[in-house]
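All remarks here apply to the structure that follows.
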């Protein structure tokens, strides 16, 4: 394209991760005539949080993540978040099934596999897990889950975890065959490969969005730096989606929309212990989650995690929290300092004061030695040998800090869509549960930013074709739940 020419597009997406891939897929399926372009500053797609080793959780369905079912003061279990996440993940599986049926890839096993999801506790937490199991049985989506306090049963579910465990400590676990492992890096690459075969879609790697400003008619002027050119490329877009992971904070600020004022970011990095002993890897086939320590961020819930990365079976433990001022793994140490503005400095200070335990926790994590981390692993695998495990850096997560009228500022651990009042630009901020709910997040984005089109019969019919549970609660419709799960089993090659 001529450097002086402004190219017009319907939608311009920033960041080539799972979210942009999902948003672009939905837009092109709903209206193939749309002109959609994606820009990524790295030389590859899925290079940051969507990469399998950078993602703290790969297949969140709330089957085993205990932080999604907090215990109330009266001892009862709040299952609302778990139920929402399960519905969201079921929507993700439906879209992926539709795309596999349409030839996106040869087999669902290229990105998703059945891996049992297990919650494991010991000691006084047994009563909590029992109460959690009983509460989830009220929702039909969780009724295939099993609970046991039998050591023999637990040894069948997770032999590596039970081997050598002290016999006088009460233990319990829940087990679900519905669990999956998702390689979101592989999925993202498959989505973009399919998109690139479509007319009216372009993906540009090694291109960084530097400036964006809104014209009087509502369209956005976007300047994109191509590393091979001195002058920026110029685009004009009717809609802009900022799905750039940690970099979304700065780009949202650059947009200068009122709705984006006051947002800040607190980066948390991650570390994994990665097993290099094939015999140990072969003795474990589950995602086993425990309880997070008090003050730990959600991404640090400890789990012993079987994964398939690039088709190869792997075993990871962690993640351990670290700290870096980078907002992206391949970012700059100036990311956090330069993100502080007059609009967000007070919310950030208030959030910092209110989260001193988190700061202390992160300091303790950063100061851990290899043996300290191995001792944490030995709470799951009693006979773990230090020689079998190596430390690897995981991804960066930027937790959202936002204004709060009551306390000045607060730290959020979920995801949030920030969109302009005129629906012309939106940014996705935050982390957990992230990629696993990408389809539901993308649907929320379309509802926010394309409200009139989402009301049309054409778009709604197409959405129901792709995602049959769209507009319905599977937990309230047993026949529909069984139908979509059966379809996912066939299309994606899952066991349950």
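Please enumerate the residues belonging to segment 175-191 that are more than 30 Å from residue 140 (Cα to Cα) and surrounded by fewer than 23 Cβ atoms within 10 Å (Cβ to Cβ).
186, 189, 190
Residue check: is residue 262 outside any helix (DSSP H, G or I) and at pLDDT 85 or above?
When the stated conditions are applied, residue 262 passes them.
Between residues in segment 461-480 that are at positive phi and crowded, with 16+ Cβ neighbours inside 10 Å and residues that are at pLDDT below 95 and in a loop (DSSP other than H, G, I, E, B), which pairs lie under 7 Å by C-beta distance while being six or more apart or on different chains?
Cβ pairs passing all conditions: none.
Yes/no per residue for (1) farther than 17 Å from residue 34 by Cβ; (2) in a strand (DSSP E or B):
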residue	(1), (2)
175	yes, yes
192	no, no
203	no, yes
216	yes, no
229	yes, no
236	no, yes
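Which of the residues belonging to segment 432-450 are part of a loop (DSSP other than H, G, I, E, B) and either within 19 Å of residue 16 (Cβ to Cβ) or modelled with pLDDT of 95 or more (or both)?
Matches in segment 432-450: 450 only.
Looking at segment 258-270, can you tell me whether even one residue there is touching a residue at least 60 places away in the same chain (Cβ under 8 Å), surrounded by 20 or more Cβ atoms within 10 Å (Cβ to Cβ), out of contact with any helix residue (DSSP H, G or I) (no Cβ under 9 Å at 6 or more places or on another chain) and within 30 Å of residue 163 (Cα to Cα)?
Within segment 258-270, none of the residues are touching a residue at least 60 places away in the same chain (Cβ under 8 Å), surrounded by 20 or more Cβ atoms within 10 Å (Cβ to Cβ), out of contact with any helix residue (DSSP H, G or I) (no Cβ under 9 Å at 6 or more places or on another chain) and within 30 Å of residue 163 (Cα to Cα).
Residues 12, 27: which one is part of a helix (DSSP H, G or I), over 20 Å from the mean Cα position of the chain (by Cα) and crowded, with 23+ Cβ neighbours inside 10 Å?
Going through 12, 27 in turn, the sole match is 27.
Which of the residues that make up segment 302-341 are over 26 Å from residue 42 (Cα atoms) and part of a loop (DSSP other than H, G, I, E, B)?
Hits for segment 302-341 are 302, 341.
Here is a yes/no grid of residues against (1) more than 26 Å from residue 219 (Cβ to Cβ); (2) outside any helix (DSSP H, G or I); (3) over 25 Å from the mean Cα position of the chain (by Cα); (4) at pLDDT below 95:
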| site | (1), (2), (3), (4) |
| --- | --- |
| 452 | no, no, yes, no |
| 461 | yes, no, yes, no |
| 469 | yes, yes, no, no |
| 479 | yes, no, yes, no |
| 482 | yes, no, yes, no |
| 485 | yes, no, no, no |
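Against the condition over 28 Å from residue 430 (Cβ atoms) and not in a strand (DSSP E or B), how does residue 188 come out, does it pass?
It is false that residue 188 is over 28 Å from residue 430 (Cβ atoms) and not in a strand (DSSP E or B).
Evaluate segment 322-333: report whether one residue or more is touching a helix residue (DSSP H, G or I) at 6+ places or on another chain (Cβ under 8 Å), touching a residue at least 60 places away in the same chain (Cβ under 8 Å), under 20 Å from residue 157 (Cα atoms) and surrounded by fewer than 23 Cβ atoms within 10 Å (Cβ to Cβ).
no
Kindly indicate whether residue 242 is modelled with pLDDT under 95 and in contact with a helix residue (DSSP H, G or I) (Cβ under 8 Å, 6 or more places away or on another chain).
No; evaluated as a whole, the condition is false for this residue.
The values are calculated or read from the model by the stated rules, or taken from the named source; none is laboratory data. Bear in mind the structure is a predicted one, so any value in this text is a computation, not a measurement. All Cβ positions, even for glycine, are placed from backbone atoms using ideal geometry, and neighbour counts span all protein chains on display.
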